Each structure stands twice: as structure tokens, then as C-alpha cells.
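Taking it in order: structure first as C-alpha cells, then the write-up.
The values are calculated or read from the model by the stated rules, or taken from the named source; none is laboratory data. On a predicted model such as this, the values are computed, not experimentally measured, just so you know. With ideal geometry, Cβ positions are generated from the backbone for all residues, glycine too; neighbour counts draw on all protein chains shown.
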Amino acid sequence: MSTIDLHMHSTASDGTTPPGELGALAAEAGLSAIALTDHDTTVGCDACAAGCEQAGVRFVPGIEMSCERGKPAGAMHILGYFVGGDSELLRDVMTDQQKARDERAPLIVEKLNALRFDITMEHVLDAAGGGMIGRPHIAALLVERGYARSIKDAFDRFLGKDGEAYVRKDYLPTARAIEAIHDAGGLAVLAHPVQLRCEDDEELTDTVRRLVDQGLDGLEAYHCDHDGALVDFYTTLAGRYDLLTTGGSDFHGSRKPIAMGSQRVPADLLDRLLEARAARR
Ligand SMILES: [Zn+2]
Ligand SMILES: [Zn+2]
């Protein structure tokens with residue numbers, strides 16, 4: 001059976017592949033469909049759609065929104081699929097998120113300067129190459145300039161939650177993200193549940209139940225951080241709440257050692273999404 005990949009990033013957020021080139025890569029990897037899910041933006045979707053059409057790969061426009069998890073505090077990513085059209089609400093949310101990112105980077109640079117690191121906003125803008133600025137760009141700079149041994153080291157010691165140059169971001173409430181995705185005609189899916197690092201199954205089910213009450217449509221079962229046992233576990237959990245399942249590699253180009261299509265996500269998951277979307281209309 002053919003496989004698909006419904007989670008990947010382009011240069012429109014923190015990936016290293018231009019969105020227009022993803023379709024050709026997908027065809028090379030033998031994928032029948034892909035979704036582009038850049039962080040807090042859909043700006044790469046048109047170029048990706050054109051590349052996919054040329055390559056004969058089905059395209060799903062998507063987004064990955066950084067949200068506030070609620071209790072316990074922390075970040076949570078919500079994927080939106082088939083987001084399109086002209087939802088004013090989604091546009092407003094994307095603008096707010098962009099603003100939060102733009103305001104955060106200079107504050108991080110200030111903290112790094114206080115640590116006597118020779119890094120300026122100009123360097124950061126260069127590293128981002130005109131795309132959205134994210135912490136991975138700053139991490140890459142820290143490595144390049146010899147302040148950190150690796151991206152992980154840069155996050156552990158400086159940019160991550162316990163790092164010396166950490167700056168909190170005002171995250172979007174999950175209810176607003178789900179509402180914006182629905183307003184844009186899309187389906188909302190909880191990304192990589194393993195990254196929530198829930199203490200136990202009860203905390204996980206409480207979290208999922210709260211999101212279901214807010215209108216969540218699905219769970220990402222296949223992800224590069226999920227082994228086979230976790231894929232089964234999240235698929236069962238999704239079934240219990242009548243949720244759809246999705247999956248993808250979380251491909252970031254050369255930024256992470258994860259290949260597009262590596263999760264072998266069965267193509268029939270996309271059929272279920274299409275059915276759910278058709279029923280919604
Ligand atoms: Zn994510
Ligand atoms: Zn992602």
C-alpha cells in the first residue's frame with residue numbers, strides 16, 4: 001500500500017527545504033501524498049501545492065500551531081489540516097503568533113549578549129534567511145560560533161526552558177487554535193503526544209479529553225518520536241475518543257536527521273480525514 005507523510009516543515013518556518021521543492025522529494029521517496037505543516041504559518045502552501053502537482057503527489061495544506069498547554073504549563077502543538085480559504089480568525093492568530101516570535105528573538109539575543117556572546121539580531125536574521133525567525137536559527141548560530149557543541153547543547157544550556165537565555169513566549173490557548181483551524185475549514189489534530197511528557201496515562205487522557213471538549217478532531221499517532229508500541233497506544237487512545245489518526249516524519253530538511261516518508265504512514269489515514277472533512281461541510 002502507498003504511504004504518505006502529513007507532517008513536515010519548509011523554509012517558511014524552520015525547515016531547510018524550500019516549499020516548492022518538497023513535492024519532488026516526496027515523489028522520490030515514493031509518497032502518494034504530503035501535508036506541509038509549518039509553524040504558525042501557511043505561507044509556503046501555495047508553492048508546495050504547485051510543486052506537488054508537478055510531481056504527481058497529492059497535497060494537503062496544513063499548519064502546526066504552538067499553543068499553551070494549560071495544566072501543567074508548557075507548550076503543545078496543534079496541527080491543522082485542509083486549512084485554506086480566507087478565515088479572518090486564522091489570519092489574526094497567525095499574525096499574533098508571528099508578532100510573538102518577532103518580539104522574542106531580540107529578547108533572547110539580549111540575554112545572550114549579557115552572557116558576553118557576540119551575536120546580533122543581524123546575525124539571527126541572516127541565519128533565518130528571510131523566513132520566520134525561530135529558536136533553531138539561534139541555536140545553529142551558537143553552534144557555528146563555537147558557543148555550543150550541538151543544537152541540543154544550545155537548547156539544553158541556553159535556549160530551552162531551563163537555559164540561561166530562555167525567554168517565555170505567550171502561547172496561544174488551544175481552544176483558540178482549534179477554533180481558528182475549524183473556521184478555516186480544517187481539522188485539528190494533537191501533534192506528537194509523546195512530547196507532552198505526561199507523568200502517567202491519567203494525565204494524558206485528561207489532556208486529550210479537555211481538547212476533545214474544545215473540538216479536537218484527531219491524534220498524531222505516527223511520528224519520528226513514536227516507536228511501534230506508541231503508534232499502537234495512540235491509535236487505541238484515538239479510537240476511545242472517536243478521534244481520527246494522522247502521522248508524519250516531522251521532516252525539517254537537513255536541520256534534523258529525519259527522512260521524509262520515514263514513518264511509513266498508511267495512505268488510508270488520509271481517506272478517513274477526507275471523509276471527516278466532507279461530513280463537516
Ligand atoms: Zn511540533
Ligand atoms: Zn513539526
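The residue pairs whose first member lies in region 37-60 and is within 15 Å of ligand 2 (Cβ to nearest atom), whose second member is at pLDDT 95 or above and among the aromatic types (F, W, Y), and whose beta carbons are closer than 7 Å, counting only pairs six or more residues apart or on different chains, are C48/F59; V60/Y81; V60/F82. Considering the conditions (1) crowded, with 17+ Cβ neighbours inside 10 Å; (2) in the same structural domain as L187 (by TED's automatic domain parsing); (3) at pLDDT below 95, R104 is excluded by exactly one of them, (2). Taking region 182-205 as the range and being part of a helix (DSSP H, G or I) and within 15 Å of ligand 2 (Cβ to nearest atom) as the test, the residues that pass are P193, V194, Q195, L196. Checking each residue in region 107-145 for being free of Cβ contacts under 8 Å to residues at least 60 places away in the same chain, closer than 17 Å to K169 by Cα and surrounded by fewer than 20 Cβ atoms within 10 Å (Cβ to Cβ) picks out E110, K111. Would you confirm, using the coordinates I've provided, whether A35 is closer than 27 Å to R280 by Cα, part of a strand (DSSP E or B) and not aromatic (F, W, Y)? Here the answer is yes, as A35 does meet what is asked.
Tell me yes or no: at least one residue of region 242-251 is within 30 Å of D86 (Cβ to Cβ), of a type in the set (S, T, Y) and either away from ligand 1 (no atom under 16 Å from the Cβ) or assigned by TED's automatic domain parsing to the domain that holds K99 (or both). The answer is yes; a qualifying residue exists.
Considering region 111-150, the residues that are part of a loop (DSSP other than H, G, I, E, B) and polar (S, T, N, Q) include one that is nearest to T95 (Cα to Cα), namely T120.
The condition (being surrounded by 15 or more Cβ atoms within 10 Å (Cβ to Cβ), more than 16 Å from ligand 2 (Cβ to nearest atom) and at pLDDT 95 or above) is satisfied by just one residue among R176, R209: R176.
Listed here are the residues, each with its yes/no results for (1) in contact (Cβ under 8 Å) with a residue 60 or more places away in the chain; (2) buried (at least 19 other Cβ atoms within 10 Å of the Cβ); (3) not aromatic (F, W, Y).
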{"site": "A191", "(1), (2), (3)": "yes, yes, yes"}
{"site": "D213", "(1), (2), (3)": "no, no, yes"}
{"site": "D217", "(1), (2), (3)": "no, yes, yes"}
{"site": "T235", "(1), (2), (3)": "no, no, yes"}
{"site": "S249", "(1), (2), (3)": "yes, yes, yes"}
{"site": "S254", "(1), (2), (3)": "yes, no, yes"}
{"site": "G261", "(1), (2), (3)": "yes, yes, yes"}
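Restrict the check to region 6-18 and report whether at least one residue is within 16 Å of ligand 1 (Cβ to nearest atom) and hydroxyl-bearing (S, T, Y). So far as region 6-18 goes, yes, one or more of its residues are within 16 Å of ligand 1 (Cβ to nearest atom) and hydroxyl-bearing (S, T, Y).
Whether a residue is in a strand (DSSP E or B) and either touching a strand residue (DSSP E or B) at 6+ places or on another chain (Cβ under 6 Å) or within 16 Å of ligand 1 (Cβ to nearest atom) (or both) was assessed, and A238 does not pass this test.
If you go through region 206-233 and pick out every residue that is part of a helix (DSSP H, G or I) and in contact with a Gly (Cβ under 9 Å, 6 or more places away or on another chain), you end up with 3. Here region 59-75 is the region considered, the condition is being farther than 15 Å from A180 by Cβ and surrounded by 19 or more Cβ atoms within 10 Å (Cβ to Cβ), and the residue that is farthest from the chain's Cα centre (by Cα) is F59. For region 1-25, a tally of residues being within 18 Å of I63 (Cα to Cα) and not in a loop (DSSP other than H, G, I, E, B) returns 8. Out of region 13-40, which residues are under 15 Å from M132 (Cβ atoms), out of contact with any Lys or Arg (no Cβ under 9 Å at 6 or more places or on another chain) and either assigned by TED's automatic domain parsing to the domain that holds L125 or surrounded by fewer than 21 Cβ atoms within 10 Å (Cβ to Cβ) (or both)? Passing the criteria: only P18.
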